Amino acid sequence: MGLNMLVVEKLVEKLMALALTLIVLLVFSNVVGRYALGTSFAGAEELSRLLFVWLVFLGAILTLRRRAHLGVELVQARLPRWARKCCAIATHVLTLYALWLFLEGSWVQTKIGMTTYSTVLRFPNAFIASAGLVCAASMLLIVGSNLLKILLNRPDAFMAGDPVSGGTP
């Protein structure tokens, strides 16, 4: 894995940690404020929801990048290499199509979100929908890159059922 990708992954991890910390602080302070002071910050729920959406989508990108999604490779592992390659190509193409649909839908929602606003804080709802855009675009690049590696018979290509290697991509 290139140094640049390691830097990007570490940055995403730090953004996720910051988002989680802010969510905990917002929710905790709202609970304390509600019970101890009889008041709370009305925008805490909206801000927590926004941060949670970004946290989930950033986590999904990292999980795909690190090949940490749950999967059952029992059948693929028993196939000869040429059959695993055919299965990998088919699943990559179908995944790219699904991600394209996800990207299109996120783009539509982001455009709509530019003219609609959250109830309390009045931030554009595009802030939420754009998390889907970032996720879909990133995943398209990750899956597309691996498909290209498979098609070019590169040794660093990943196919389900391949023997486990020592590292991440």
Residue ranges of helices (runs of 4 or more DSSP H) in the stretch 19-129 with at least 2 members under 30 Å from D162 (Cβ atoms), touching a helix residue (DSSP H, G or I) at 6+ places or on another chain (Cβ under 7 Å) and charged (D, E, K, R): 81-113
Which residues, counting only those in the stretch 146-157, are loosely packed, with under 14 Cβ neighbours inside 10 Å and either within 21 Å of L70 (Cα to Cα) or of a type outside the set (A, V, I, L, M) (or both)? N153, R154, P155, D156
Out of everything in the stretch 85-104 that is surrounded by 13 or more Cβ atoms within 10 Å (Cβ to Cβ) and not hydrophobic (A, V, I, L, M, F, W, C), what residue ends up being farthest from R154 (Cα to Cα)? T95
Selection within the stretch 13-55 - aliphatic (A, V, I, L, M) and either in contact (Cβ under 8 Å) with a residue 60 or more places away in the chain or loosely packed, with under 11 Cβ neighbours inside 10 Å (or both): A36, L37, A42, L47, L50, V53
Can you say whether L62 is farther than 21 Å from F158 by Cβ and within 26 Å of the chain's Cα centre (by Cα), as far as the supplied structure shows? no
In the stretch 1-12, is there at least one residue being surrounded by 13 or more Cβ atoms within 10 Å (Cβ to Cβ), under 17 Å from M139 (Cβ atoms) and among the charged types (D, E, K, R)? yes
Taking the stretch 133-145 and keeping residues crowded, with 18+ Cβ neighbours inside 10 Å and over 16 Å from L62 (Cβ atoms) leaves L133
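Considering W107, W82, which residue is among the aromatic types (F, W, Y), on the phi < 0 side of the Ramachandran plot and either in contact with a strand residue (DSSP E or B) (Cβ under 8 Å, 6 or more places away or on another chain) or crowded, with 16+ Cβ neighbours inside 10 Å (or both)?
W107
For residues that are farther than 30 Å from L15 by Cβ and exposed (fewer than 12 other Cβ atoms within 10 Å of the Cβ), scanning just the stretch 62-79, find the one that is modelled with the highest pLDDT.
Checking each candidate, the answer is R78.
The values are calculated or read from the model by the stated rules, or taken from the named source; none is laboratory data. Keep in mind the model is a prediction, meaning the values are calculated, not measured. As a convention, Cβ positions derive from the backbone with ideal geometry for all residues, glycine included, and neighbour counts pool all protein chains shown.
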